[in-house]
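Some notes on the structure that comes next.
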Amino acid sequence: MPRCGRSSSPGTTGHFSSGADLTGDRTGTGFLETLLATVDRVEQLRVPTIAAVTGGAIGGGLELALSCDIRIAAEDAFFVAAGVNVGLIMSTWRLPGLIGLGPAKAMLLTGEPCDAATALRTGLVREVVPADALLPAALATAHRIAGRSPLAVEATKAAVDRAVGQDRRTARAELVARCAELIRSRDHREAVRAFLQRRAPRFHRA
C-alpha cells in the first residue's frame, strides 16, 4: 500500500513542513547530513509515497516533498527553495531533476515562493485540490496504485529511480530484465485474466 504524508487535517491551517530549526548550531553540517539521510530513506522506501501538501513546504520541507514519488497540493500550498534566503544551499539535484533546469534555477536562486498553480504547471505536483479534498485525493491515488500488481509497482519505482542516473542502454537493459521477471509471475497472469474478465484482480505477490 502506498504511504501518504500530510501536515494537518483537511480544512485546518498549518504547514507541510517549514524545514530546519534555524535557532540551532550552524557551525557544522550535521543538521544537513541528518536531514538528507532522512529524506533519502523516504525516497528509498520500497513502496510508493505520496505527499499531501497544505501550507508551506519550505527548505528542508521542500526536500521532503521532493523525496516522495507523487505530490498533491491543496490550493493554499506553496513551495520555497529557501536555501539562499538564509545563506545556505538546498534541493540542487532533486528539484532540477523533477521540473527542469530553468524553473528549478528560478526557485533556487530567488528563494521566492512557488504557488500551487505554478507547481502544477511545472510538474512539481500532480494535482491541486481544495483543502478539504486533499486527503481524499491523496487516498484515491494511493488506492489506485494499491490496486495494481505490487510486484510491478515496486519494480517500476525501482527502475525509474535508477534510470535517472543511467545511460539509455543500461536503463533499457534493466527494463527488459525486470519485465522478463514479471512476465513469469503469477500476478502478471492474474492481471491479464482480470483485465479480460473485467473484474478486480487478486494479487499474491508471486
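The values are calculated or read from the model by the stated rules, or taken from the named source; none is laboratory data. Only a predicted model underlies this, so the values are computations on that prediction, with no experimental measurement involved. Please note: Cβ atoms are built from the backbone with ideal geometry, for glycine as well, and neighbour counts cover all protein chains shown. To get the accessible areas, we keep the full protein, side chains included, count just its heavy atoms, and leave off ligands, DNA and RNA. Shrake-Rupley method; radii C 1.70, N 1.55, O 1.52, S 1.80 Å.
Brief remarks follow.
- Tally, over region 150-206, of residues that are assigned to a helix (DSSP H, G or I), open to solvent by less than 60 Å² (accessible area, probe 1.4 Å) and farther than 30 Å from LEU98 by Cα: 4
- Of all the residues in region 112-131, those that are touching a strand residue (DSSP E or B) at 6+ places or on another chain (Cβ under 9 Å), outside any loop (DSSP other than H, G, I, E, B) and open to solvent by 70 Å² or more (accessible area, probe 1.4 Å) number 2.
- Of all residues in region 37-86, those satisfying the criterion of being farther than 22 Å from ASP132 by Cβ, open to solvent by 10 Å² or more (accessible area, probe 1.4 Å) and among the charged types (D, E, K, R) are ASP40, ARG41, GLU43, ARG46, ASP69.
- Residue selected from region 13-35 under the condition open to solvent by less than 60 Å² (accessible area, probe 1.4 Å) and closer than 23 Å to ALA77 by Cβ, by the criterion modelled with the highest pLDDT: PHE16
- Only one of LEU109, LEU134 that is aliphatic (A, V, I, L, M), buried (at least 16 other Cβ atoms within 10 Å of the Cβ) and over 30 Å from HIS204 (Cβ atoms): LEU134
- Within region 53-91, the set of residues being over 16 Å from the mean Cα position of the chain (by Cα) and among the polar types (S, T, N, Q) comprises just one member, ASN85.
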